[in-house]
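Have a look at the structure below before the remarks.
The values are calculated or read from the model by the stated rules, or taken from the named source; none is laboratory data. Small disclaimer: the values here were computed from a predicted structure and weren't measured. Note that each Cβ is placed from the backbone with ideal geometry, even for glycine, and that neighbours are counted across all protein chains shown. Only protein heavy atoms, including side chains, enter the accessible area calculation; ligands, DNA and RNA are left aside. Shrake-Rupley method; radii C 1.70, N 1.55, O 1.52, S 1.80 Å.
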Amino acid sequence: MSKPFTPKVVTANALLEGDVIYLTEDDQWSRNLKDAEVIEDEAHGDLRLLLAQSQPEQIVGAYLADVKLGEDGPEPTHFREDFRTKGPSNYNHGKQADAASVRTV
């Protein structure tokens, strides 16, 4: 018996910059998880993933990532996805240079 489908977003990396990006409902790419289309149907998720994978001139490594619905939109449910939302970890640049993007524990 297969597991029930849980909410997901389509995520990838921007081909030229390498930034983490998310597919929106209007077929655009956003660098903000809060803009991502939340997919709650497996067949729809498969179609959205195929759309993403048909854009090799813009993105690389598209896949469906688990999320949960939070007060401000989708939130990662796995530490890897949470880590990806923060940007590169080798030094402060991009999202990490913006203090508002850094979560404290």
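Could I have the simple spin-label model distance between GLN53 and GLU25, label points 7 Å from Cα toward Cβ, reported in nm to one decimal?
Rounded to a tenth, the inter-label distance reads 2.6 nm.
Any chance you could look up the accessible area of VAL20 with a 1.4 Å probe, heavy atoms only, rounded to 10 Å²?
In the full protein context, VAL20 sits at about 20 Å².
Given a 1.4 angstrom probe, what's the average accessible area per residue across segment 8-97, in square angstrom? Display every interim value, and only then the final one.
Details: 5400 Å² over 90 residues.
Heavy-atom accessible area per residue stands at 60 Å².
For segment 1-53, how big is Rg over Rh, using alpha carbon atoms and the Kirkwood form of Rh?
Details: Rg = 11.7 Å, Rh = 11.6 Å.
Rg/Rh: 1.01.
Along the Cα→Cβ direction, 7 angstrom out, place labels at LEU15 and MET1. What is the inter-label distance in nm?
The two pseudo-label positions are separated by 4.4 nm.
With all protein chains present, calculate the accessible area of ILE59 using a 1.4 Å probe and round the result to the nearest 10 Å².
We get 10 Å² for ILE59.
Applying 1/(1 + (r/R0)^6) with R0 = 22 Å to the Cβ-Cβ distance of ALA43 and HIS78, what FRET efficiency is obtained, to the nearest 0.05?
Details: r = 23 Å, r/R0 = 1.03.
After rounding to 0.05, the efficiency reads 0.45.
Based on the alpha-carbon gyration tensor of segment 8-97 and its eigenvalue square roots a ≥ b ≥ c, which shape applies: rounded if a/c is under 1.5, prolate if not and a/b is larger than b/c, or oblate?
Working: a/c = 1.98, a/b = 1.22, b/c = 1.62.
Oblate, since a/c reaches 1.5 and b/c is not below a/b.
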